[in-house]
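Notes follow once the structure below has been shown.
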Amino acid sequence: MKALDVYEVLSSAKPEELRHPCESLDYADHVVKTTMMGYPQLAADSLLNPDLIGRLADVVGAIIRQLNLMFMEPIWVKKKMEDLIIQRGRAYDVLLEIAINLFGLEREWVGFTDRDVEDTLKIIRNTLSLWENTERKDFGSAEVAKAVVKMKIEDMKKVMRGDPRGIKSMVASMGENVERKLKEDNITLSFLDALREEIQTNVYYVMSKRGMCRFGNDYALGLRWLRRLGYVQVSTNPVLAAIAYRDDPSLWSKLEDYLRKNPDYLKGIDEHQDELAMLATMLALWPNMEVFRPVFYLKEFSDGMISYQLNPNVADNVDRSIEDALKIYKATQEYFMKYDE
């Protein structure tokens with residue numbers, strides 16, 4: 001397997017539609033199914049639950065037992081190479097996400113003990129090492145592990161990537177620092193070690209942990225990384241959404257997919273430009289709401305706020321502004337009914 005091929009397969013893989021109602025048997029089954037549907041971040045965030053204090057390592061152990069069977073399945077069952085890459089990539093992804101959540105302030109908000117965290121990280125590290133060795137044994141190199149780590153670093157480096165002044169963001173700098181510390185023969189663990197240092201020595205993490213300040217942001221990308229540093233709110237508007245589309249062109253694909261499923265938006269397009277701008281902004285807004293969903297609940301609705309500023313082109317029209325707000329509220333409510341489940 002060539003690294004470029006694996007990266008392209010993983011980066012172009014589309015998630016399935018979230019099912020309603022969900023059909024999970026237990027916590028571990030829910031995390032595994034959500035992961036394999038293409039939502040490893042949602043699966044990892046679902047473990048940020050105070051009910052798991054004292055039980056986290058056991059639940060993650062049950063998750064890993066299922067993922068292990070899936071990861072090793074190709075040894076006994078022939079699979080298409082593309083399916084194998086996606087299955088293994090998502091397995092890596094969810095374990096990395098669980099670990100990174102435990103590096104950040106999220107563990108403090110949940111109330112996980114040091115033992116919860118270290119016992120869980122130990123079994124995650126052992127599993128990642130086993131999977132990498134399995135890849136090397138099967139294919140000569142751990143290309144799936146490398147591709148998943150590359151995708152995470154690219155996610156950090158895209159923040160303010162297109163800034164016309166050439167300003168580099170803090171999150172992008174963190175990604176570059178992590179990238180320099182990667183070890184070819186130990187890709188996932190060197191990634192986690194470098195990232196843990198970047199997060200826990202960051203001035204925002206330290207100030208947040210000490211209760212010196214509560215931080216927010218007014219940019220539509222990179223919020224998941226900032227959440228780990230203690231950021232608890234974000235502001236978004238059509239102008240900021242446009243910058244997000246500039247820095248992350250994959251948002252255009254999401255907009256195109258949404259329009260294919262909802263073609264009514266394209267009827268009389270010249271007369272509905274403001275409505276399309278609202279839709280594009282909303283699609284950039286939802287990932288921010290996903291990121292801060294755990295904060296919203298863990299902080300008992302006092303944080304995790306998403307400020308959406310309406311289209312300035314209709315700011316002088318109260319009725320239009322309220323109409324837009326109600327449309328966004330309704331669409332968002334329907335989206336998160338499935339997401340929260």
Item to check | Selection within region 153-179 - among the small types (G, A, S) and either outside any loop (DSSP other than H, G, I, E, B) or at negative phi (or both) | outcome: G162, S169, A172, S173, G175
Item to check | Subset of region 61-95 (residues that are in contact with a Leu (Cβ under 7 Å, 6 or more places away or on another chain), modelled with pLDDT of 95 or more and farther than 19 Å from K14 by Cβ) | outcome: L95
Checklist entry - Applying the selection to region 116-149, what residues are small (G, A, S), crowded, with 22+ Cβ neighbours inside 10 Å and either part of a helix (DSSP H, G or I) or not assigned by TED's automatic domain parsing to the domain that holds I98 (or both)? => result A145, A147
Checklist entry - Can we say L189 is modelled with pLDDT of 90 or more, touching a strand residue (DSSP E or B) at 6+ places or on another chain (Cβ under 8 Å) and within 30 Å of E108 (Cβ to Cβ)? => result no
Checklist entry - Any idea which residue in region 23-54 is modelled with the lowest pLDDT, counting only those that are small (G, A, S) and farther than 21 Å from F292 by Cβ? => result S24
Next on the checklist: Testing I100 on (1) free of Cβ contacts under 8 Å to residues at least 12 places away in the same chain; (2) closer than 30 Å to N202 by Cα, one condition comes back false. Which one is that?
Outcome noted: (1)
Next on the checklist: Yes or no: region 298-307 includes at least one residue that is crowded, with 16+ Cβ neighbours inside 10 Å, within 17 Å of the chain's Cα centre (by Cα) and assigned to a helix (DSSP H, G or I).
Outcome noted: no
Next on the checklist: I need every pair where a residue in region 313-341 that is on the phi > 0 side of the Ramachandran plot has its Cβ under 6 Å from the Cβ of a residue that is surrounded by fewer than 13 Cβ atoms within 10 Å (Cβ to Cβ) and at pLDDT 85 or above, sequence separation at least 6 or different chains.
Outcome noted: none
Checklist entry - Take the residues of region 30-50 that are touching an Asp or Glu at 6+ places or on another chain (Cβ under 6 Å) and over 16 Å from I85 (Cα atoms): which is surrounded by the fewest Cβ atoms within 10 Å (Cβ to Cβ)? => result Q41
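The values are calculated or read from the model by the stated rules, or taken from the named source; none is laboratory data. These numbers were taken from a predicted model, which means no experiment stands behind them. Cβ sites come from the backbone with ideal geometry, for glycine too, and all protein chains shown count toward neighbours.
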